[in-house]
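Scroll down for the structure; my scribbles are underneath it.
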Amino acid sequence: MHRLWGCALFCVTLAAGAQQPAFTLGSATARAGQKATGHLDVPAGKDAGMRLPVVVMRGIHPGPVLALVTGAHGTEYASIIAVEQLIQHLDPSRISGTVLLLPLVNVQSYLQKVPHRNPVDGKSMNGFYPGDPNGTQTDRVAAMITAQVVERCDYLVDYHGGDIDENLRPYSYWSKTGHAALDAMARRMDLAFGLDHIIVETGRPRDPAHSRFLDTTAATRGKPAIAVEAGRSGRVDAAEVARLVNGTVSLMRLLKMLPGEPTLVAHPIWIGKVDTVSSPVEGIFYPTVDRGTRMRAGAKLGYVTDFFGKTIYEARAPAAGEVLYICAVPTMNKGGTIANFGEVTLVP
Ligand SMILES: [Zn+2]
């Protein structure tokens with residue numbers, strides 16, 4: 001868009017006959033060496049329509065199509081700002097292949113500051129893939145992303161983080177599908193992304209018609225995909241944004257989309273099992289440990305009082321392991337999440 005010298009490069013390469021044809025996503029069309037912005041328009045149906053912002057970066061040279069999707073939870077701010085930085089800083093004249101960036105999937109969650117769900121229909125926007133063009137807004141957006149982004153990409157990254165009420169330490173997911181080559185590539189993508197805690201998922205859906213999550217939607221269609229999480233509690237910490245930006249650059253090096261070598265995590269912590277610790281009572285939550293705390297089974301995570309200050313529940317570590325995230329706010333509902341707790345395992 002605003003890289004005229006990229007156009008000059010495009011013309012030079014055009015003469016050499018090596019450039020790629022244009023790529024269109026929604027209203028954004030980028031020729032080789034260009035960055036284009038636009039929208040995917042999801043029409044109104046049972047409820048309101050939505051305009052999804054999209055960016056296409058078309059590299060000069062051929063290469064894979066990498067989809068970077070964030071903001072399914074519109075108040076996981078660090079993950080949204082990281083993709084905003086990638087939109088600004090990635091240079092299509094240096095890229096081989098194509099990058100499709102979706103900087104904000106859950107527009108109304110962001111605008112209304114509603115965590116976890118799309119306020120239009122009350123659904124998580126990372127729970128209803130592959131979507132339904134006749135469903136509610138979340139279903140229709142998912143169907144659009146499946147058709148226009150997942151089906152047309154070769155690799156995918158879904159960015160998340162601690163929501164407003166989640167004090168989360170960074171980690172990524174390795175979702176094993178049972179297909180050796182796909183799983184090996186996703187594992188390499190995790191290692192190249194560089195977050196040193198990796199949750200190993202083995203129970204994700206295997207049916208592409210009921211894939212539920214975005215990364216699983218890609219994986220069940222044969223495209224290696226990872227989900228990554230950084231940021232917490234409504235904050236935009238520069239260091240956590242940088243981990244997502246730098247991880248993406250390293251991943252693009254692994255995929256030969258940028259020059260240079262990826263930086264692989266040397267000794268990742270593999271989380272083999274995640275326990276959700278829930279509160280049996282409503283009241284006021286007081287954490288007694290921070291994110292990332294290593295604990296023994298039975299050690300105290302925090303406690304809940306009634307509105308008169310009397311302790312009515314003590315939360316304890318369900319096993320030996322580490323606090324992946326812990327509730328960041330006093331509000332505690334009956335059945336609400338106190339913490340997600342990772343049990344560390346040895347994984348190849
Ligand atoms: Zn999320």
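A few comments on the model shown:
- Scanning residues 5 or more positions from A299 or on other chains, those with amide H under 5 Å from its amide H are A317, with H placed 1.01 Å from N in the peptide plane.
- Each of V114, L100, G234 was placed along the dipole of the chain (beta-carbon charges, centred on the mean Cα), and the one lying farthest toward the positive end is L100.
- Mean Cα-pair separation over length for region 272-345, i.e. relative contact order, pairs under 8 Å, 6 or more apart, %: 44 percent
- Additional length obtainable on full extension of the chain from D154 to Q85, 0.36 nm per residue less Cα span: 22.6 nm
- Selected from S124, S278, S93 as most flexible by GNM, with the chain as the system and alpha-carbon contacts under 10 Å: S278
- The chain: relative contact order as a whole-number percent, Cα under 8 Å and 6+ apart: 14 percent
- Cα centre as origin, Lys/Arg/Asp/Glu Cβ charges: region 90-148 dipole, Debye: 140 debye
- Taking each residue as 0.36 nm, the span from A147 to K300 lengthens on full extension beyond its C-alpha to C-alpha distance by 50.5 nm.
- Additional length obtainable on full extension of the chain from D132 to K256, 0.36 nm per residue less Cα span: 41.2 nm
- Apportionment of accessible area to carbon and sulfur, region 27-126, percent (1.4 Å): 52 percent
- Residues of region 178-194 with amide N under 17 Å of a point placed 7 Å along Cα→Cβ from L264: 181-194
- Label separation (A44 vs I312): 4.4 nm, computed from points 7 Å beyond Cα along the C-beta direction.
- The residues of the chain present an accessible area of 41 Å² per residue when probed at 1.4 Å with all protein chains retained.
- The dipole here belongs to the chain: it is taken about the Cα centre, uses +1 on the Cβ of Lys and Arg and -1 on the Cβ of Asp and Glu, and is about 480 debye.
- In the complete set of protein chains, residue-level accessible area for H89 is approximately 140 Å², probe 1.4 angstrom.
- Among A180, A28, A82: highest mean-square fluctuation, GNM of the chain, C-alpha pairs under 10 Å: A180
- Its alpha carbons considered, the chain gives a radius of gyration followed by a Dmax of 20.8, 77 Å.
- Expressed as a whole percent, the accessible surface of region 198-319 that belongs to carbon and sulfur atoms is 53, based on a 1.4 Å probe.
- Farthest toward positive dipole pole in the chain [+1 Lys/Arg, -1 Asp/Glu at C-beta], among G309, L86, Q19: Q19
- Relative packing of 199-209, 103-113, 215-225, which averages over residues the other C-beta atoms within 10 Å, highest first: 215-225, 103-113, 199-209
- Considering only C153, A142, A28, the residue lying farthest towards the positive end of the dipole of region 25-173 is A28, judged by Cα position with unit charges set on Cβ.
- Rounded to the nearest 20 debye, the dipole size of region 255-302 about its Cα centre is 160 debye, using +1 on the Cβ of Lys and Arg and -1 on the Cβ of Asp and Glu.
- Choice from P130, P53, P330 with maximal GNM fluctuation in the chain (Cα, 10 Å cutoff): P330
- Gap separating the Cα centres of region 230-265 and region 91-145, nearest whole Å: 21 Å
The values are calculated or read from the model by the stated rules, or taken from the named source; none is laboratory data. Values in this document were obtained by computation on a predicted structure and should not be read as measured data. Note that we place each Cβ from the backbone using ideal geometry, even for glycine, and neighbour counts take in every protein chain shown. Just so you know, the surface numbers come from the protein's heavy atoms only, side chains and all, with ligands and any DNA or RNA stripped out. Shrake-Rupley method; radii C 1.70, N 1.55, O 1.52, S 1.80 Å.
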